[in-house]
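The values are calculated or read from the model by the stated rules, or taken from the named source; none is laboratory data. Predicted, not measured: the structure shown is a model, and the values here were computed from it. Cβ placement follows ideal geometry from the backbone for every residue including glycine, while neighbour counts extend to all protein chains displayed. Accessible surface is based on the protein model in full, side chains and every heavy atom, while ligands, DNA and RNA are left aside. Shrake-Rupley method; radii C 1.70, N 1.55, O 1.52, S 1.80 Å.
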Amino acid sequence: MLGFGAPSGTVTTKTAHTRILCASLYSSTCFTSTHHCYSYLLPRTPVRFSSLCSSCVPIKAMAETGTVSVPKTDFRSSATGNKQALISLSDKKDLTFVGNGLQELGYTIVSTGGTAAALEGAGVSVTKVEQLTQFPEMLDGRVKTLHPNIHGGILARRDKKHHIEALDAYGIGTFDVVVVNLYPFYDKVTSAGGIEFEDGIENIDIGGPAMIRAAAKNHKDVLVVVDSEDYPALIEFLKGNQDDPKFRLKLAWKAFQHVASYDSAVSEWLWNQSTGDKFPPSLTVPLSLKSSLRYGENPHQKAAFYVDKSLSEVNAGGIATAIQHHGKEMSYNNYLDADAAWNCVCEFKNPTCVVVKHTNPCGVTSHDDVLEAYRLAVKADPVSAFGGIVAFNVEVDEALAKEIREFRSPTDGETRMFYEIVVAPKYTEKGLEVLRGKSKTLRILEAKKNKTGKLSLRQVGGGWLVQDSDDLTPQDIQFNVVSEKAPQESELRDAEFAWLCVKHVKSNAIVIAKDNCMLGMGSGQPNRVESLRIALKKAGDDVKGAALASDAFFPFAWKDAVEEACESGIGVIAEPGGSIRDKDAIDCCNKYGVSLLFTNVRHFRH
């Protein structure tokens, strides 16, 4: 219950515009704690509630004694046939449309500050919020709508007689429509120039979320709109004669989701300001639907694709924000494969082509001539490359596009290579034109390089695993020589290249490479020996003098993977080390005159 009281000993005047207003929430007794209360239409002198305890009485009693004048503002809405809409927008896109549309339907528009000014400028009649609250905007705009005359009108249930009676008793009208969006906190804290902490705090909206949540809670009686894309649907709905509970419910869901995403951004920002810990005790990931997919991993599974709207993902690159220039809509598997190809190719500094099939790179080549890089990457495993994804870390120009379009499979020299996706950082106009001519279905993606330092999330039943992304490159680690034979400079470069490739291959993973070209790889086998044998088969006779990289240590050496690799003619092996049988691996390499490098870094990929 709301009570007003005049402090004892305070001089009161009888002029119509002079009164001391002190508001407090109380039940049957007065507050005895100390609060501040400010005079309205008088110099704002602090008055303490501790001096008011004896004089706090219910409004009705004060009205009878004439102690204070209680303004009974009569801004009635649905209860008396008048319709009110509350509009308060930071983003004023299509404001004139919704304002005019509501006014033409007979709604009284109530608005705040800049929104009211913009509406008036567009010729829309506006009642300002302070006319309802009988209280000015204060605290640099922090307090505008946080008032019973606003929230009472939003939250009152029309099917509750005592709710309507309470509104009538205080002259509060109901709101039928609430159109609100929030301070641009997300845009401000992610702006290129950054933002000061205090500026970030001031861009945290308080009144807006309160109104949105109130309207969404009472959606049976109040339509709440937070997205300008919904303005036309709102106006059409109001023009109709029949109500639609599902429409109201959908708007309410969208409102709560809007506030939840907003709060998640505030929470993420404050956590980043307060601590350097990457793993907060509670984590919210705001996802925004980008597209519904034809199906999931298999045709019987429904699927959709969402974009991560976390602050950490702003301008962070990746396939999720790629531009599609051509081709069929992306599928579930397309996204997985394109992501794998893009993440791999972005690791390399020199012009590089990566070919991926089922998320595994089956061909990788770095070469000053990117056309040759493309040819060699396909040649590594042309059977797997057919129907795969091709990724480049350099611009695709007309010459490269023609090579992609016309290149024949090395298996027969006749079959034109078919791909699902081409992804690159950019394309020339002619390059795009040529690629579009290859196939109507070829998906052409333009992506930005993934930023390092991200968190990697992966779902398990009932939970999520979160870890740092695997961002290590050969420049970040030491390749320690543990064998008698030290590698030549060219062999060391080959080992580094193979090591960078193997981190993108599913475990158990083996990569064989030479001259910045992946010759063969073995992936996803339950034991490392089988992965080795697959890689050796792919490499063929080119294995002589090549480098081999393993994603994890070799548990056995003699009559096992290490000895088989040495016998095949491998020149240098790079592996993490750490096995209790590391000495066996060293002795085996020494026997065959093979260089062995320990990296002390494992690259499991499950």
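If you take the residues of the range 118-132 that are part of a helix (DSSP H, G or I) and aliphatic (A, V, I, L, M), which of them is nearest to P209 (Cα to Cα)?
Restricting to residues being part of a helix (DSSP H, G or I) and aliphatic (A, V, I, L, M), the top hit is V129.
Return the residues of the range 207-227 that are under 25 Å from L139 (Cβ atoms) and in a loop (DSSP other than H, G, I, E, B); say none if nothing qualifies.
V226
Among the numbered criteria (1) assigned to a loop (DSSP other than H, G, I, E, B); (2) open to solvent by 80 Å² or more (accessible area, probe 1.4 Å); (3) within 22 Å of T190 (Cβ to Cβ), which single criterion is violated by G317?
(2)
Within the range 151-169, restricting attention to residues that are over 22 Å from L238 (Cβ atoms), surrounded by fewer than 17 Cβ atoms within 10 Å (Cβ to Cβ) and touching a helix residue (DSSP H, G or I) at 6+ places or on another chain (Cβ under 8 Å), which residue is modelled with the highest pLDDT?
Out of the qualifying residues, it is D168.
Evaluate the range 245-264: report whether one residue or more is of a type outside the set (V, I, T), under 24 Å from L465 (Cα atoms), in a loop (DSSP other than H, G, I, E, B) and open to solvent by less than 90 Å² (accessible area, probe 1.4 Å).
Looking for residues that are of a type outside the set (V, I, T), under 24 Å from L465 (Cα atoms), in a loop (DSSP other than H, G, I, E, B) and open to solvent by less than 90 Å² (accessible area, probe 1.4 Å), one finds none in the range 245-264, hence no.
Condition first: assigned to a helix (DSSP H, G or I), touching a residue at least 12 places away in the same chain (Cβ under 8 Å) and out of contact with any Pro (no Cβ under 8 Å at 6 or more places or on another chain). Can you find one or more residues in the range 456-476 that meet it?
yes
β-branched (V, I, T) and in contact with a Lys or Arg (Cβ under 7 Å, 6 or more places away or on another chain): does that describe I323?
When the stated conditions are applied, I323 does not pass them.
Just one of F97, F135 is open to solvent by 50 Å² or more (accessible area, probe 1.4 Å), touching a residue at least 24 places away in the same chain (Cβ under 8 Å) and outside any loop (DSSP other than H, G, I, E, B); which is it?
Being open to solvent by 50 Å² or more (accessible area, probe 1.4 Å), touching a residue at least 24 places away in the same chain (Cβ under 8 Å) and outside any loop (DSSP other than H, G, I, E, B) holds for just one of F97, F135, which is F97.
Looking only at the range 275-297, which residues are farther than 23 Å from V466 by Cβ and open to solvent by 50 Å² or more (accessible area, probe 1.4 Å)?
S292, R294, Y295
Identify the residue in the range 477-503 that is among the charged types (D, E, K, R), part of a helix (DSSP H, G or I) and under 24 Å from T359 (Cα atoms) and, among all such residues, is least open to solvent (accessible area, probe 1.4 Å).
D494
Just checking, which of N393, N343, N350 is over 15 Å from V423 (Cα atoms) and of a type outside the set (K, R)?
N350
Among the residues of the range 170-186, write down those that are farther than 24 Å from A252 by Cα and open to solvent by 50 Å² or more (accessible area, probe 1.4 Å).
Y170
With the structure loaded, tell me whether G141 is open to solvent by less than 70 Å² (accessible area, probe 1.4 Å) and in contact with a Phe, Trp or Tyr (Cβ under 7 Å, 6 or more places away or on another chain) or whether it fails that test.
no
Here is a list of conditions, (1) free of Cβ contacts under 8 Å to residues at least 24 places away in the same chain; (2) of a type in the set (G, A, S); (3) not in a helix (DSSP H, G or I), and A373 meets all of them except one; can you say which number that is?
Of the numbered conditions (1) free of Cβ contacts under 8 Å to residues at least 24 places away in the same chain; (2) of a type in the set (G, A, S); (3) not in a helix (DSSP H, G or I), the odd one out for A373 is (3).
Considering only the range 419-455, state which residues are touching a Cys at 6+ places or on another chain (Cβ under 9 Å) and either surrounded by 22 or more Cβ atoms within 10 Å (Cβ to Cβ) or assigned to a helix (DSSP H, G or I) (or both).
The one that is touching a Cys at 6+ places or on another chain (Cβ under 9 Å) and either surrounded by 22 or more Cβ atoms within 10 Å (Cβ to Cβ) or assigned to a helix (DSSP H, G or I) (or both): A447.
Scan the range 196-203 and tell me whether some residue there is under 22 Å from E229 (Cα atoms), touching a residue at least 12 places away in the same chain (Cβ under 8 Å) and assigned to a helix (DSSP H, G or I).
no
Please identify the pairs in which a residue from the range 388-400 that is farther than 18 Å from H358 by Cα and open to solvent by 10 Å² or more (accessible area, probe 1.4 Å) has its Cβ atom under 7 Å from the Cβ atom of a residue that is part of a loop (DSSP other than H, G, I, E, B) and basic (K, R), counting only partners at least 6 apart or on another chain.
Partner pairs satisfying both residue conditions: E395/K426.
Residues of the range 196-232 being under 15 Å from Q257 (Cβ atoms), of a type in the set (A, V, I, L, M) and open to solvent by less than 10 Å² (accessible area, probe 1.4 Å), which ones?
Correct list: I212, A215, A216, V224, V225.
Do you know which residues across the range 331-361 are open to solvent by 10 Å² or more (accessible area, probe 1.4 Å), touching a residue at least 60 places away in the same chain (Cβ under 8 Å) and not in a helix (DSSP H, G or I)?
Scanning the range 331-361 gives C346, E347, F348, N350, T359, N360.
Tell me, yes or no, whether the range 299-310 has at least one residue that is within 18 Å of the chain's Cα centre (by Cα), among the hydrophobic types (A, V, I, L, M, F, W, C), assigned to a loop (DSSP other than H, G, I, E, B) and under 30 Å from L435 (Cα atoms).
No, the range 299-310 contains no residue that is within 18 Å of the chain's Cα centre (by Cα), among the hydrophobic types (A, V, I, L, M, F, W, C), assigned to a loop (DSSP other than H, G, I, E, B) and under 30 Å from L435 (Cα atoms).
Quick check on D369: is it open to solvent by 20 Å² or more (accessible area, probe 1.4 Å) and in contact with a Pro (Cβ under 8 Å, 6 or more places away or on another chain)?
yes
Keeping to the range 100-112, report how many residues are modelled with pLDDT of 90 or more and either part of a helix (DSSP H, G or I) or among the β-branched types (V, I, T) (or both).
The number of residues fulfilling the criteria is 8.
In contact with a strand residue (DSSP E or B) (Cβ under 9 Å, 6 or more places away or on another chain), assigned to a strand (DSSP E or B), free of Cβ contacts under 8 Å to residues at least 60 places away in the same chain and surrounded by 15 or more Cβ atoms within 10 Å (Cβ to Cβ), is that true of T115?
No.
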